[in-house]
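A short worksheet on the structure shown next.
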Amino acid sequence: MDKNRVYVFDTTLRDGEQVPGCQLTTVEKIEVAKKLEALGVDIIEAGFPISSPGDFQSVVEISKAVSEPVICALTRANTKDIDAAVDALRFAKRKRIHTGIGSSDMHIKYKFNSTREEILERAVAAVKYARKFVDDVEFYAEDAGRADNEYLARMIEAVIAAGATTVNIPDTNGYCLPDQYGAKIKYLVDNVSNIDNAIISVHCHNDLGLATANSIAGIMNGARQVECTINGIGERAGNTSLEEVAMILKTHHSLGYHTNINSKGIYEISNLVETMMHMPVQPNKAIVGRNAFAHSSGIHQDGVLKHRENYEILNPEDVGINSNAIILTARSGRHALKHHLQRLGYNLERINIDEVYQRFLLMADNKKEINDADLLELMGDGDAKTYDDQAIKVTLLQVVCGDPLRPMATIKLKINGEEKEASAAGNGPVNATINAIHGIIKDEIELDEYNVQAMRGGSEDVSKVNMRVKHKGQSYYGFGISTDIVNASVHAYVDALNKIY
């Protein structure tokens, strides 16, 4: 066994789904589970089968759909819960029952109205019963963060002796400080005689913003499984964030720990969970927040453009983000402005950058953020007349669409003085027109991004369209303005073509 391997136990579909408003259908859970499998998660906690028929069925269907990770079902320390879990896991290729009970005096007295000895007996009995059905049993000592260490050690030793293969030491209420939680894990390593017969797992909540720090402290003191969720969603303030733990261990490789997580899939599954669970990711969220790789300060922008690692300890591509973002604001410097003008196809040798920068600052003072359309306006390219100066020009555009007609488009392009015409159908008027253009420009061009912006509002508004296309691995931007969205879209696409050719 690799002593430095940290197993990732994802509970997005159980603990994460307990958040009000985050409930998923079985079909949605299967989609998330498959993405977790592709991400390299070792254990998926698929649900709490006894809690509802829907949760039970989700565990059944996820067990059928996913083959590589262990499928885990949560129970309380009683036979009825465990029986439900056994039934729900019947199709799982690799199965685990996760059973447990409270370990703190707070829970023993006020939740169970019991005694330490009675709780210990119930814990052992539950593990023994679960082991009759599966070889892989995880025991959770709920509220271990506030439990007496000596009693907790007795409990952990007893459940390992009863057959537990993983022991979960949850900081259920997010109470511990990192040094306290790390010391608790070390105490168990030093004082539980049979601790080598089980994997220690950490399950930390974020009530004080310490979930990830506590999890790392636990790993550094002997834990080899971390329980977490995508985007850190979960009860109250959330759980340990999977992406944070995975990238901490990857970035601090000198620690010697590693996971099986394919980090390039992090951003994709983050977006999936955000969308499906209607749980927006805060912009400044580590790793996956929209500002995580964004730079608006002129000093930072200059440093990043010169050498990315000046201000980025992570490569955005390592988590599935194409590149960092140089955001233009009133705090931006000349270097960032030049970067964006060059990206838009401007020849910097023909531009008085000092004069443009002064006009940029005036514009930026009146807007929170400057976008590509603003830059075109700044450079005097906000008027449709600029199309007359391009090598590829639109001389005719005719579109037919409606219900039940299939959209058709005919377009004429004048390319270096030679006029060419093509017609095509599509799933919409813009798609049909682009297909017709491809009939003339016979090259592999991929539409990567398409945005429409109303300039003032109202049915007679002028629309700005900006597109990003890819050609031979490079990105090119095109812009169009018209009261007709289709016309604006065509001119934006042709603008991008002119920058390619």
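In the chain, if every C-alpha pair distance is counted and binned at 20 Å from zero, what percent goes to each bin?
20, 40, 27, 13, 0
Keeping every protein chain in place, order 433, 172 by accessible area at 1.4 Å, biggest value first, i.e. largest first.
Ranked list, largest accessible area first: 172, 433.
Pull up the cross-link candidates among the aspartates and glutamates for residue 109, meaning alpha carbon to alpha carbon under 15 Å and not fewer than 8 places away within one chain.
In chain and number order, the partners are 117, 118, 142, 143, 148.
Add +1 for every Lys or Arg and -1 for every Asp or Glu among the other residues with Cβ under 10 Å from the Cβ of residue 204, and state the total.
Working: positive: none; negative: 171, 207, 227.
In short, -3.
For each pair in 472/499; 412/442; 3/264, compute the distance between the two Cα atoms and list the pairs where it is over 18 Å.
In this structure, 3/264 lie more than 18 Å apart at Cα.
Roughly how compact is region 236-288, stated as its Cα Rg over 2.2 N^0.38 Å to two decimals?
Expressed relative to 2.2 N^0.38 Å, the Cα Rg reads 1.23.
How big is the dipole moment of region 392-500 about its Cα centre under a simple scheme where the beta carbon of each Lys and Arg is +1, that of each Asp and Glu is -1, and everything else is neutral? Debye, nearest 20, please.
220 debye
May I ask you to list the aspartates and glutamates whose Cα is less than 15 Å away from that of residue 95, ignoring any residue fewer than eight positions away on the same chain?
Partners within reach: 10, 37, 42, 45, 61, 68, 83, 87, 135, 136, 138.
Add +1 for every Lys or Arg and -1 for every Asp or Glu among the other residues with Cβ under 11 Å from the Cβ of residue 47, and state the total.
Working: positive: 14, 29; negative: 15, 17, 45, 55, 61.
Neighbour charge sum, excluding residue 47 itself: -3.
Above 24 Å lies some portion of the pair distances; for region 1-123, what is it as a whole percent of all C-alpha pairs?
The share of Cα pairs beyond 24 Å in region 1-123 comes to 34 percent.
Enter the mean projected area of the convex hull around the alpha-carbon atoms of region 7-277, in nm², rounded to one decimal.
One quarter of the hull surface, i.e. the mean projection, equals 12.6 nm².
How compact is region 120-268 by the rule of thumb for globular proteins, expressed as Cα Rg over 2.2 N^0.38 Å?
1.03
Please work out the C-alpha center-to-center distance from region 160-239 to region 464-501 and express it in whole Å.
52 Å
From largest to smallest, what semi-axes in whole angstrom does region 44-184 give when each is the square root of 5 times an eigenvalue of its alpha carbon gyration tensor? It would help to have the intermediate numbers written out before the result.
Working: eigenvalues 142, 49, 39 Å².
The equivalent ellipsoid of region 44-184 has semi-axes of 27, 16, 14 Å.
Ordering 111, 35 by accessible area with a probe of 1.4 Å, largest first, what comes out?
111, 35
Dipole magnitude of region 7-277 about its Cα centre, charges +1 at Lys/Arg Cβ and -1 at Asp/Glu Cβ only, in debye to the nearest 20? Intermediate results must be reported in sequence, preceding the final value.
Working: 27 positive and 37 negative charges, 96 e Å.
Dipole size: approximately 460 debye.
Around residue 353, under 13 Å between beta carbons, what's the net of Lys plus Arg minus Asp minus Glu among the other residues? Walk me through the numbers on the way to the answer.
On the way: positive: 334, 338, 350, 359; negative: 349, 354, 355.
The answer is +1.
Between 340, 366, 187, whose Cα lies farthest towards the positive end of the dipole of the chain when Lys and Arg beta carbons carry +1 and Asp and Glu beta carbons carry -1, centred on the Cα centre?
187
Could you work out the relative contact order of region 3-143? I mean the mean sequence separation of Cα pairs under 8 Å and 6+ apart, divided by the number of residues, in percent.
On the way: 241 pairs, mean separation 27.3, N = 141.
Reported as a whole number, the value is 19 percent.
First obtain the Kirkwood hydrodynamic radius of region 392-500 from its Cα pairs, then insert it into the Stokes-Einstein equation at 20 °C and 1.002 mPa s, and state the resulting D in µm² per second as a whole number.
152 µm²/s
Can you give the Kirkwood hydrodynamic radius of region 173-257 from its Cα pairs, in Å with one decimal? Spell out each step's value before the answer.
Values: mean 1/r = 0.0773 Å⁻¹.
Evaluated on region 173-257, it is 12.9 Å.
Amide H to amide H, which residues 5 or more places from residue 205 or on other chains are under 5 Å from it, using H placed in the peptide plane?
Hits under the 5 Å cutoff: 171, 174.
Over what distance in Å are the Cα centres of region 1-18 and region 337-363 separated?
Going from one Cα centre to the other spans 48 Å.
Positive end of the charge dipole of region 392-500 (Lys, Arg +1 and Asp, Glu -1 on Cβ, about the Cα centre): tell me which of 435, 473, 452 has its Cα farthest that way.
It is 473.
Where in the chain is the longest stretch that carries no GluC sites (Glu not before Pro) classed as loop by DSSP and with at most 10 other Cβ atoms within 10 Å?
Free of exposed loop sites, the longest segment is 1-443.
Treating only the Cβ atoms of Lys and Arg (+1) and Asp and Glu (-1) as charged, compute the dipole magnitude of the chain about its Cα centre; round to the nearest 20 debye.
Values: 54 positive and 68 negative charges, 93 e Å.
Computed charge dipole of the chain: roughly 440 debye.
Please report the relative contact order for the chain, taking Cα pairs under 8 Å with a sequence separation of at least 6, and give it as a percent rounded to a whole number.
9 percent
Extending each Cα 7 Å along its Cβ direction at residue 116 and residue 350, get the distance between those two points in nm, one decimal.
Placing both labels 7 Å beyond Cα along the Cβ direction yields 8.3 nm.
Given the -39500 (n - 2.57) contribution per DSSP H run of 4+ residues, what per-residue ellipticity at 222 nm results for the chain, rounded to the nearest 500 deg cm²/dmol?
-11500 deg cm²/dmol
The values are calculated or read from the model by the stated rules, or taken from the named source; none is laboratory data. This is a predicted model, so every value here is computed, not measured. Every residue, glycine among them, receives a Cβ derived from its backbone with ideal geometry; neighbour counts consider all protein chains shown. The protein model used for the area step is the full one, side chains on, heavy atoms only, and it has no ligands, DNA or RNA in it. Shrake-Rupley method; radii C 1.70, N 1.55, O 1.52, S 1.80 Å.
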